[in-house]
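For reference, the structure is listed below as structure tokens.
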Amino acid sequence: MSEHETASETLGEPTRRDFLYLTTGMAGAVGAAAVAWPFIDQMRPDASTLALASIEVDVSSLQPGMSLTAKWRGKPVFIRNRTDKEVEEANAVALADLKDPVARNANLPADAQATDVDRSAGKDKENWIVMIGSCTHLGCVPLGQAGDFGGWFCPCHGSHYDTAGRIRKGPAPENLAVPTFAFTTDTVIKIG
Ligand code: FES
């Protein structure tokens, strides 16, 4: 290569020097961009920070008996405005009959019991339930209002959850997890 360059220069090709100059200029521009990029990149939150972010979900359109699924930290979150009948059914179950008697509610102490109210959004909003939509067996997404207990059903290996998201039958070991959440207004739920 250097041999060619020397030959070209010696021959005095008029465009050769211009070409080299142009090439050098471009390399300089690329180099500057490569240096600038890491600085810009550092100013953006990285993926792990974004994954921790909380979300706000407008639930104003959910009448009793309606659900929606939000996405939070890469997982589905089931939000359901339960009917009175669903709440009554859940309250009618004796704690002794539960496979997992622990609330699994991130808003409560770790040893809180899996009563319906402690699985829900609380005494004044007991009809609302918010849960991570990930089967506690191997992580499939359960189907809503299905299964033997009218709650959620995971078809992967047949886990049945009741209307409070508590595991009642099948291989799943735990109730569906309740994430950290709060109503910020009457119609907005903040998750995380
Ligand atoms: S993943 Fe739900 S039953 Fe196995």
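The values are calculated or read from the model by the stated rules, or taken from the named source; none is laboratory data. Just so it is clear, the model here is predicted, and its values are computed rather than measured. Cβ sites come from the backbone with ideal geometry, for glycine too, and all protein chains shown count toward neighbours.
Taking the condition within 20 Å of the chain's Cα centre (by Cα), closer than 29 Å to residue 55 by Cα and either away from the ligand (no atom under 13 Å from the Cβ) or at pLDDT below 95 (or both), does residue 134 pass?
No; evaluated as a whole, the condition is false for this residue.
Of the conditions (1) within 9 Å of the ligand (Cβ to nearest atom); (2) without any contact (Cβ under 8 Å) to a residue 60 or more places away in the chain, residue 141 satisfies every one except a single condition; which number is it?
With (1) within 9 Å of the ligand (Cβ to nearest atom); (2) without any contact (Cβ under 8 Å) to a residue 60 or more places away in the chain applied to residue 141, the lone miss is (2).
Determine whether the stretch 102-122 contains at least one residue that is assigned to a loop (DSSP other than H, G, I, E, B), buried (at least 21 other Cβ atoms within 10 Å of the Cβ) and not hydrophobic (A, V, I, L, M, F, W, C).
yes
Out of curiosity, is residue 142 surrounded by fewer than 18 Cβ atoms within 10 Å (Cβ to Cβ), touching a strand residue (DSSP E or B) at 6+ places or on another chain (Cβ under 6 Å) and closer than 27 Å to residue 55 by Cα?
No: the conditions fail for residue 142.
Taking the conditions exactly as written (farther than 23 Å from residue 74 by Cα, within 14 Å of the ligand (Cβ to nearest atom) and either buried (at least 24 other Cβ atoms within 10 Å of the Cβ) or in the same structural domain as residue 66 (by TED's automatic domain parsing) (or both)), does residue 125 satisfy them or not? Break it down into steps so the answer makes sense when it comes.
Values: farther than 23 Å from residue 74 by Cα: yes; within 14 Å of the ligand (Cβ to nearest atom): no; either buried (at least 24 other Cβ atoms within 10 Å of the Cβ) or in the same structural domain as residue 66 (by TED's automatic domain parsing) (or both): yes.
For residue 125, the condition - farther than 23 Å from residue 74 by Cα, within 14 Å of the ligand (Cβ to nearest atom) and either buried (at least 24 other Cβ atoms within 10 Å of the Cβ) or in the same structural domain as residue 66 (by TED's automatic domain parsing) (or both) - is not met.
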